[in-house]
Amino acid sequence: MPSPAYDPERELKDLEPWQRELREQFPIITGNSHLAYLDSAATAQKPQAVLDAVHTYLTTTNANAARGAYLWANRTTELVERTKDVVRHFLGDPEAGRRDARSGVHFTGGTTDGLRAVARDWLAGRLTDGDVILVPAADHRANHEPWLEVQRLLAARGVHITVRELPYQESSGDYDHRAFPGVVDPRTRFVAATHVHHVHGGDMNVHRIREAVGPDVPICLDAAQSVGHLPLSVARLDVDFVVFSGHKALALPGVGAVWSRDTRGPAFRPGGWQGTPNTVGIASLEAALRWLDAAGTDRIDRWTTALAARLTDALRRLPAYQVLGCQAGLAAGAAVQRRHGIVTFRHRDIPSDDLGFILDSHGLMVRADDLCQAGRTDGQGSVRVSVHVYNTVQEIDRLLTVLGELA
Ligand code: PMP
């Protein structure tokens, strides 16, 4: 985490030669330099290495996995098994590379699909009458609805569980850890949390949840906005499930993974018959994670955090705009930069969807709506700018010029 003396301008200057070389590897970006893609929290663009991996797989090896024992089928099965280990390695799992690894990697359709699988195929069978689970109520809907579905499913069988909201503080964009003792009790059996918030870009400090619930309660982490954006270590986070989407981590849509371990409960296994896996997606995921690893997720985080800081700093000087979440951090002199490449704001007079149209007419592609945030019923949208390694200082400044004119 950046220190209070953090200087984003210096970061951007230091990393610029490194970044320029990486940006060159994204054909959709270099081929459209008149446009600025500022919606990577929704989905990320793909480097040439990922496009090549997809092409190579489909033109040399395409077959079904774990079915058939001929050359291409075997190679595809190997690809799937190898990519499980690439995922382990990428997530800092100490069992990566071990033939007897007890941690599991299961490929899914994405984060939504993965969280639902953990809810339905693991959690539902483990809860008994009177148990309590803690879930985020101001995070992505994908990390809220599956847990409520479990509650409904169990209620239909006469098992009544309590679903409590993880205390959350709008002003900081973080969970309110001081209020944790009020919701944790001896019947707490499970916590669902988010690693990096998709609206505010803040790290949700999951270590504080671990401190509050103690060593025995499983934690499931929605890492949709952190995998591929910053270094993530399951060893350090001490969580039991990490769920993410390939498409936000430079791979194709339609593939994701659930990483899990069996130290606080039985191993996770998706229920029922598993059909054909998304082998092309898995090929793209292998290439994407290797590419990210070589680029360095620490530097990617430094770059995207510094771009977000440049934007936040400038918006703070324009009273027409209100930056959402982390308001406490916006006090002069404080470290406002604790945003991992995501900044969400509103104009005080211009409705957010209008602002989105205006920015689009300037070739600035941002997200402007309710951002799929659970519990958001005020009908007030917001504008989200989210960056990845291919975005530049010039793109942020182009955005700021237009926002400045509208201020
Ligand atoms: N969780 C978070 C934090 C997200 O940002 C998103 C996607 N915006 C999701 C879950 C859902 O991901 P997907 O649509 O890939 O399933």
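Just to be sure, is GLY68 small (Gly, Ala, Ser) and modelled with pLDDT of 95 or more? Before the answer, list the steps.
Values: small (Gly, Ala, Ser): yes; modelled with pLDDT of 95 or more: no.
No; evaluated as a whole, the condition is false for this residue.
Tell me which residues, restricted to the range 267-323, are more than 16 Å from ALA249 (Cβ to Cβ) and in the same structural domain as ARG88 (by TED's automatic domain parsing). Reasoning before the result, please.
Going residue by residue through the range 267-323, those that are more than 16 Å from ALA249 (Cβ to Cβ) are 267-277, 279, 302, 305-323.
Result: ALA267, PHE268, ARG269, PRO270, GLY271, GLY272, TRP273, GLN274, GLY275, THR276, PRO277, THR279.
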| request: Any chance you could count how many residues in the range 227-248 are surrounded by fewer than 24 Cβ atoms within 10 Å (Cβ to Cβ) and either closer than 15 Å to ILE342 by Cβ or touching a Phe, Trp or Tyr at 6+ places or on another chain (Cβ under 6 Å) (or both)? | output: 1
| Checking HIS207 against (1) within 18 Å of the chain's Cα centre (by Cα); (2) under 27 Å from ASP39 (Cα atoms), which single condition isn't satisfied? | (2)
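Got a number for residues in the range 220-240 being away from the ligand (no atom under 13 Å from the Cβ) and either under 21 Å from VAL387 (Cα atoms) or not hydroxyl-bearing (Ser, Thr, Tyr) (or both)? Explain how you work it out, then say what you get.
First, pick out the residues of the range 220-240 that are away from the ligand (no atom under 13 Å from the Cβ): 230-240.
Okay, now just the ones that are also either under 21 Å from VAL387 (Cα atoms) or not hydroxyl-bearing (Ser, Thr, Tyr) (or both), so 230-232, 234-240.
Here the count works out to 10.
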| note | When (1) in a helix (DSSP H, G or I); (2) of a type in the set (A, V, I, L, M, F, W, C); (3) at pLDDT 95 or above are applied to ALA235, the one that fails is (3)
| Somewhere in the range 255-274, is a residue part of a helix (DSSP H, G or I), surrounded by 24 or more Cβ atoms within 10 Å (Cβ to Cβ) and within 16 Å of the ligand (Cβ to nearest atom)? | no
| remark: Exactly one of TYR57, TYR6 is away from the ligand (no atom under 16 Å from the Cβ), among the hydroxyl-bearing types (Ser, Thr, Tyr), surrounded by fewer than 18 Cβ atoms within 10 Å (Cβ to Cβ) and at negative phi, and that residue is TYR6
| query | Out of (1) surrounded by 21 or more Cβ atoms within 10 Å (Cβ to Cβ); (2) at pLDDT 95 or above; (3) of a type outside the set (Phe, Trp, Tyr), what's the single condition that is false for HIS362? | reply | (1)
| field | Single unsatisfied condition, ARG67 versus (1) part of a loop (DSSP other than H, G, I, E, B); (2) within 16 Å of the ligand (Cβ to nearest atom) | value | (2)
| Has the range 111-127 got at least one residue that is more than 15 Å from the ligand (Cβ to nearest atom), more than 23 Å from ALA66 (Cβ to Cβ) and of a type in the set (Ser, Thr, Tyr)? | no
| field | Those residues of the range 338-380 which are within 18 Å of LYS248 (Cβ to Cβ), of a type in the set (Val, Ile, Thr) and outside any loop (DSSP other than H, G, I, E, B), in sequence order | value | ILE342, VAL343, THR344
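Just checking, which of ASP360, ASP370, ASP378 is charged (D, E, K, R) and within 16 Å of the ligand (Cβ to nearest atom)?
Among ASP360, ASP370, ASP378, only ASP370 is charged (D, E, K, R) and within 16 Å of the ligand (Cβ to nearest atom).
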| query | Which numbered condition trips up ASP93, out of (1) outside any loop (DSSP other than H, G, I, E, B); (2) touching a strand residue (DSSP E or B) at 6+ places or on another chain (Cβ under 8 Å); (3) among the charged types (D, E, K, R)? | reply | (1)
| note | Of the residues in the range 128-156 that are more than 21 Å from the chain's Cα centre (by Cα) and small (Gly, Ala, Ser), the one that is farthest from the ligand (Cβ to nearest atom) is GLY130
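The values are calculated or read from the model by the stated rules, or taken from the named source; none is laboratory data. The model shown is predicted, which means the values in this text are computed figures rather than measured ones. No Cβ is skipped: glycine too gets one built from the backbone with ideal geometry, and neighbour counts run over all protein chains shown.
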